[in-house]
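The values are calculated or read from the model by the stated rules, or taken from the named source; none is laboratory data. Because the structure is a prediction, the values reported are computed rather than measured. Quick reminder, even Gly has a Cβ in these numbers, built from the backbone with ideal geometry, and neighbours come from all protein chains shown.
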Amino acid sequence: MPSRSERSLADRISAGGRRLTPQRVLVARALADARRALSAQELYDRLHTTQPRLGRATVFRALEAQVQDGMARRLERSGHVSVYVACDPEHHHHLVCERCERVEDLDEKLLQPLLRSVDSRYGFHVNHTALDIYGLCASCRRASRKAAG
């Protein structure tokens, strides 16, 4: 019997109008379990060790379908490499560590004052936002300071 989280992933895949396949569930589960951004190749390499019949193109197509359905977000790593991170259904933004590649959700409440000021200063009404902030997480910053000093 599938776990509750497996059913949830299956429900989200089906809700996007996609045919539910074991490969799509496998890719979605692996990305969600990674808890960090991964390229299609990195995810394929992780899965290929236990699923040797899974094709690279299948992984890429499954990731792109997740992006289209709002289950994942495509981010950019240095060198213009696309990476993917699993997302909750709610609208949110990301903090992306450029060193360890951990991705955290940014609290939407932090952006509300900015969006209000954009409206009042520029008269621009925002309908949609997509914000990813790149830098170093607290753990990587501490490690950098230790290494430097």
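So which residues in the stretch 109-129 are among the polar types (S, T, N, Q) and surrounded by 11 or more Cβ atoms within 10 Å (Cβ to Cβ), if there are any at all? Of everything in the stretch 109-129, just one residue is among the polar types (S, T, N, Q) and surrounded by 11 or more Cβ atoms within 10 Å (Cβ to Cβ), namely Thr129.
The number of residues in the stretch 50-64 being crowded, with 16+ Cβ neighbours inside 10 Å and not in a helix (DSSP H, G or I) comes to 2. When we screen Ala32, Ala37 for residues that are within 21 Å of Asp11 (Cβ to Cβ), assigned by TED's automatic domain parsing to the domain that holds Arg12 and surrounded by 12 or more Cβ atoms within 10 Å (Cβ to Cβ), the only hit is Ala32. Taking the stretch 80-108 as the search range and keeping residues that are charged (D, E, K, R) and in a strand (DSSP E or B), which one is surrounded by the fewest Cβ atoms within 10 Å (Cβ to Cβ)? Looking at the filtered set, the residue picked out is Asp105. Scanning the stretch 9-49 for residues that are assigned to a helix (DSSP H, G or I), free of Cβ contacts under 8 Å to residues at least 60 places away in the same chain and basic (Lys, Arg) turns up Arg24, Arg29, Arg46. Within the stretch 60-80, the set of residues being in contact (Cβ under 8 Å) with a residue 40 or more places away in the chain and over 14 Å from the mean Cα position of the chain (by Cα) is empty. Could you look through the stretch 65-79, keep only residues that are in contact with a strand residue (DSSP E or B) (Cβ under 8 Å, 6 or more places away or on another chain) and part of a helix (DSSP H, G or I), and pick out the one that is surrounded by the most Cβ atoms within 10 Å (Cβ to Cβ)? Ranking the qualifying residues of the stretch 65-79, first place goes to Gln66. Can we say Asp132 is surrounded by fewer than 13 Cβ atoms within 10 Å (Cβ to Cβ), of a type outside the set (Gly, Ala, Ser) and either touching a helix residue (DSSP H, G or I) at 6+ places or on another chain (Cβ under 7 Å) or not assigned by TED's automatic domain parsing to the domain that holds Ala40 (or both)? No; evaluated as a whole, the condition is false for this residue. Of the residues screened, Val96 is one that is in the same structural domain as Cys140 (by TED's automatic domain parsing) and among the β-branched types (Val, Ile, Thr). Within the stretch 119-130, residues that are closer than 17 Å to Glu90 by Cα sit with their Cβ atoms under 9 Å from residues that are assigned to a loop (DSSP other than H, G, I, E, B), at 6+ positions apart or across chains, in these pairs: His128/His91; Thr129/His91.
If only residues of the stretch 115-149 that are of a type in the set (S, T, N, Q) and part of a helix (DSSP H, G or I) are counted, the one that is modelled with the lowest pLDDT is Ser144.
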